[in-house]
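Some notes on the structure that comes next.
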Amino acid sequence: MRSDYITVTQVSGINGPGDDSFMKKTFSIKTLGCKLNQYESALIARQLAECGWEARPFGEAVDVVIINTCTVTDRSDKKCRNYIRQGARFSRLGGAVVTGCMVERDRDGTAGMKEALAVFGNGEKRSMARMITSLMELSGPRYKDSGADGSAEAPAIKADGPFGDDEFDESAVAPLYRTRAYLRVQDGCDGACSYCVVPSVRGAPRSRPLARVLEHARRLIDAGCPELVLTGITIGRYESGGADLAALVEAIAALDGDFRVRVTSVEPTHVTDRLIGLLGLPGVCRHIHLPLQSGSDRVLKAMNRPYTAGRYMDIVERIRERDRDIAIGTDIIVGFPGEGDDDFAATLDMVGRAGFAYVHQFAFSPRTGAPASSITPCAGRATIERGERLRRLAMETGLEYRRRFEGAELWCVIERSDGRADMAISDNYIRIRLSGVQADDAREAQIARVRLVRAGHDANIGEMARQATL
Ligand code: SF4
């Protein structure tokens, strides 16, 4: 275990005062993983901007390169290490600043990489900009290869975190996208899924105080954001002063303004009737993402998921009773160790019966340290074949779901794609390419009624119906 946390030594290599590149400090961030990681990268970028730094695309030569890592699988670790090596080449300091879940899972291993300049845990993200700025101002040097003891290892910088919510006013963070802003409401998880280490790198569930979330939502609405996307690790565990997720959604939807709130991913066992009752009400999108992972009770047990296929289907039916137009999306892991043909057939059957609007599918990939990584994995060939069959079925159920809205007018937010404001996102999560004469009148972040003309596998085509308010 390393003892020294900050070592700053003078070396040559960085130009002194009076040189432009010294004055204009530049940085780039590469983010891997979930919405929360993306949100936190926006936080860091905003902080650095406030400290006078300039953001540049990843790949350009800059002073500091930040890699915000993800560690859900061994494969994502490998990807992160590659980006750290790449990032070190783009940084004038000859190394990358690394943060995120891989640091949480293996701080010493990450700090031990010669390309890692400094490492920050998740709880230290809020103080990263200040730490990096003071280091740059303090040292300004390239301290990589002249460490006092000559060792190549990066100093494992440890900010005396973790910092609570109050440390940094998140609500000042500019929305990532002009149209749909991530709104962090929660962090952490106390689940025990056998393939997952997120609880050990994100910690126990903790919620942002309701008042702070509403303040942040207010600022985003006032900034012209038409859609707020609730973000966290297990947002269904939200709890603040007795307010649960449903109460939070209700409170946000009650705010004045032209906007809507999207619930996103909720663990099936966290779904309440009250939450189901809110979906589709004014200001709340008809969309929920319910990770299933497998349709087989035997595999769900091996995954240590806290529900059976039957219980999951009950939740789907309760949502369908509420409104059969609600888009239900899901996650499915294919090729979980021990998954047999019957298990997979049960998954396909579930997908057919649930009528998912979309399926995010993942081939099982071991995560060292998670119980499932010690079980013999499925044969690669079987996993590929099953993945292909699931992909085809999911495309059919998705198309069937979208076809039900052909000719209908849908509430949409207009987004920019390929430089044109011609992509409309409906509240029930259908992406529609705008065509027709009025398409040119569409503006980014506009809220509009869009008629879905044709649903297709490659693209859904629609036309502007008329200007609308939510
Ligand atoms: S609910 Fe399960 S899969 Fe999701 S973060 Fe928690 S442990 Fe991981």
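Note on Glu385 and Leu399: the extension gain reaches 2.9 nm, defined as 0.36 nm multiplied by sequence separation minus the Cα-Cα distance.
What the Cα atoms of region 70-120 give is an Rg and a Dmax of 10.0, 30 Å.
Quick one: with all protein chains in place, what share of the accessible area of region 409-467 is carbon or sulfur, to the nearest percent (1.4 Å probe)? Of the solvent-accessible surface of region 409-467, carbon and sulfur hold 43 percent. When Asp325, Asp458, Asp349 are compared by accessible surface with a 1.4 Å probe, the order from highest to lowest is Asp458, Asp349, Asp325. Scalar couplings 3J(HN,Hα) for region 192-200, obtained by applying the Karplus form with A = 6.51, B = -1.76, C = 1.60 to θ = phi - 60°, are 9, 5, 6, 9, 10, 10, 4, x, 7 Hz; x denotes Gly and Pro. Ordered by 1.4 Å accessible area with all protein chains kept, Thr73, Thr26 run largest first as Thr73, Thr26.
Calculated accessible area for region 170-403 comes out at 40 Å² per residue, all protein chains present (probe 1.4 Å; ligands, DNA, RNA ignored).
Note on Lys30: accessible area is roughly 60 Å² with a 1.4 Å probe, heavy atoms of protein only. Glu317 to Asn82: FRET efficiency via 1/(1 + (r/R0)^6), r the Cβ-Cβ distance, R0 56 Å, to the nearest 0.05? Efficiency, from the Cβ-Cβ distance: 0.80. For region 409-467, the calculated P(r), taken from all Cα-Cα distances in 10 Å bins from zero up to the bin holding the longest distance, is 28, 63, 8 percent. In this simple spin-label model, placing a label point 7 Å from the Cα along the Cα-to-Cβ direction at both Ser374 and Glu137 gives a separation of 5.0 nm. What pairs in Lys35/Lys114; Lys24/Lys79; Lys30/Lys125 have C-alpha atoms more than 22 Å from each other? Over 22 Å apart, Cα to Cα: Lys35/Lys114; Lys24/Lys79.
Ligands, DNA and RNA left out, the 1.4 Å accessible surface of region 170-403 is 53% carbon and sulfur atoms. For region 26-145, the equivalent ellipsoid derived from the alpha-carbon gyration tensor has semi-axes of 20, 16, 13 Å in decreasing order.
When the residues Trp53, Trp411 are ordered by accessible surface, computed with a 1.4 Å probe over the protein chains alone, the sequence from largest down reads Trp411, Trp53. With semi-axes defined as the square roots of five times the eigenvalues of the C-alpha gyration tensor, the equivalent ellipsoid of region 170-403 measures 32, 21, 16 Å, largest first. Using the 1.4 Å probe convention, the accessible area of region 409-467 works out to 47 Å² per residue with neighbouring protein chains retained. Relative to the compact-globule estimate of 2.2 N^0.38 Å, the Cα radius of gyration of region 23-83 comes out at 1.17. Kirkwood-type hydrodynamic radius, region 204-329: 15.4 Å, calculated from all non-identical alpha-carbon pairs. Can you tell which of Phe259, Ala302, Cys225 lies farthest toward the positive end of the dipole of region 218-304, using +1 and -1 charges on the Cβ of basic and acidic side chains (Lys, Arg; Asp, Glu)? With unit charges placed on the Cβ atoms, the residue in question is Ala302.
Counting 0.36 nm for each residue step from Arg298 to Arg454 and taking away their Cα separation leaves a gain of 52.2 nm. Using a probe of 1.4 Å, the accessible surface attributed to His457 totals some 80 Å² when neighbouring protein chains are kept in position. Taking all protein chains together and rolling a 1.4 Å probe, Val450 ends up with roughly 0 Å² accessible.
The values are calculated or read from the model by the stated rules, or taken from the named source; none is laboratory data. Quick caveat: nothing in here was measured; it's all calculated off a predicted structure. Using ideal geometry, Cβ is built from the backbone for each residue, glycine included, and neighbour counts are taken over all protein chains shown. Areas reflect the complete protein model, heavy atoms only, side chains present, ligands, DNA and RNA absent. Shrake-Rupley method; radii C 1.70, N 1.55, O 1.52, S 1.80 Å.
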